[in-house]
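Written below as structure tokens is the structure these notes are about.
Bear in mind these aren't lab numbers, they're just calculated from the coordinates by the rules spelled out. The model shown is predicted, which means the values in this text are computed figures rather than measured ones. All Cβ positions, glycine included, derive from the backbone under ideal geometry; neighbour counts span all protein chains shown.
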Amino acid sequence: MKVTPLHELEPTPDRGRHVAIGTFDGVHLGHRAVIDGSDTVLTFDPHPLAVVRPDALPKLLMPFAIKRDVIAGLGVEELVVIRFDRDFQERTAESFIEDVLIGTLGAARVSIGENFRFGKRATGDAGLLRSRSEFETEVVPMVEVEGETVSSTQIRALVAAGEVSRAARFLGAPYMLEGEVVRGDGRGRELGMPTANIAPDPRYAVPGHGVYAAWAHGQPSAVNVGVRPTFDSGRGLLVEAYLLDFEGDLYGQTLRIAFVERMRGERRFASVDALVEQMRRDADRAREIAASST
């Protein structure tokens, strides 16, 4: 999939692109319905709320790199990225249609979700798009799963509650986060279970405290999210991944973790031996759960 900033595209008014438009935070099943059948996805970075109303910006479900890769996995040929800044915020809905959709992208079909708004003061909507004869407009209704409307807000709440397996049913894939592997205090190595530690980016959602079965670096993993109460480390929130079949050094690399299932809550143990015994049980169970998820 080709990834191109909008400002680097040469105008191609006769290109005939099938364009799906949206912020697509999470690329959940509702977003996938909008993208389905499109060869081009038009999205925004950063999230428009980060500019328009930063105080209202929630924790996002995924950084751009994960969003890019998930969209690429949907068979999209081209991801066009609008840098959303103060100047773009002032662009009228009519200008967005004329200059971006028609003039630059040469859209033959435009696909949006039913609640999508665009242009200065969010004056653009499905009705405005449908009024244009230069392209066909497809408005995709909200998607329901298990009797609930799929939304980023709903999935964010599930992730925060640790319900990652349920969140995956609404996402259409496991919930993922990534970050740089940083040096910890080496305690996992001392216990015979070395972990790759990530200090999570506070801009993004993190599963609630607990121990999870997951995949990381292509390996089944047991992942602890929390503050390690047994040791009173005082280091704040950490994501610690014990990669079950991996030997090597990941320091400084970006590690992506796909959460499969929450196995238990985080808790304080009476002794280090009790902790190690539980960690071994967690590792065995994580291997079984990860294997059954493929």
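Quick look at the numbers
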{"read-out": "Exposed GluC sites (Glu not before Pro) absent - longest run of the chain, DSSP non-H/G/I/E/B, at most 14 other C-beta within 10 Å", "value": "147-246"}
{"read-out": "Cα-based Rg and Dmax for region 101-142, where Dmax is the largest Cα-Cα distance (Å)", "value": "10.2, 29"}
{"read-out": "Dipole magnitude (debye, nearest 20) for region 62-162, charges at Cβ of Lys, Arg, Asp, Glu", "value": "340"}
{"read-out": "Additional length obtainable on full extension of the chain from Ser293 to Asp14, 0.36 nm per residue less Cα span", "value": "96.0 nm"}
{"read-out": "Dimensionless Rg over Rh [region 173-292; C-alpha; Kirkwood]", "value": "0.92"}
{"read-out": "Computed lengthening from Ser133 to Asp55, 0.36 nm per intervening residue step minus Cα-Cα distance", "value": "24.3 nm"}
{"read-out": "Kyte-Doolittle at least -1.0, axis length at least 24 Å by Cα - qualifying DSSP helices, the chain", "value": "272-292"}
{"read-out": "Neighbourhood charge, 11 Å Cβ-Cβ cut-off, centred on Tyr251 and excluding it, Lys, Arg +1 and Asp, Glu -1", "value": "-1"}
{"read-out": "Within the chain, helix-based [θ] at 222 nm, where runs of 4 or more DSSP H residues each add -39,500 (n - 2.57), nearest 500", "value": "-6500 deg cm²/dmol"}
{"read-out": "Cubic angstrom per residue, convex hull over Cα atoms of the chain", "value": "138"}
{"read-out": "For region 173-292, size of Cβ-based charge dipole, Lys and Arg +1, Asp and Glu -1, in debye", "value": "300"}
{"read-out": "Dipole moment magnitude, nearest 20 debye, the chain about Cα centre, only Lys, Arg, Asp, Glu C-beta charged", "value": "700"}
{"read-out": "Inter-label distance for Phe269 and Ala157, nm, one decimal - labels placed 7 Å from Cα along Cα-to-Cβ", "value": "3.5"}
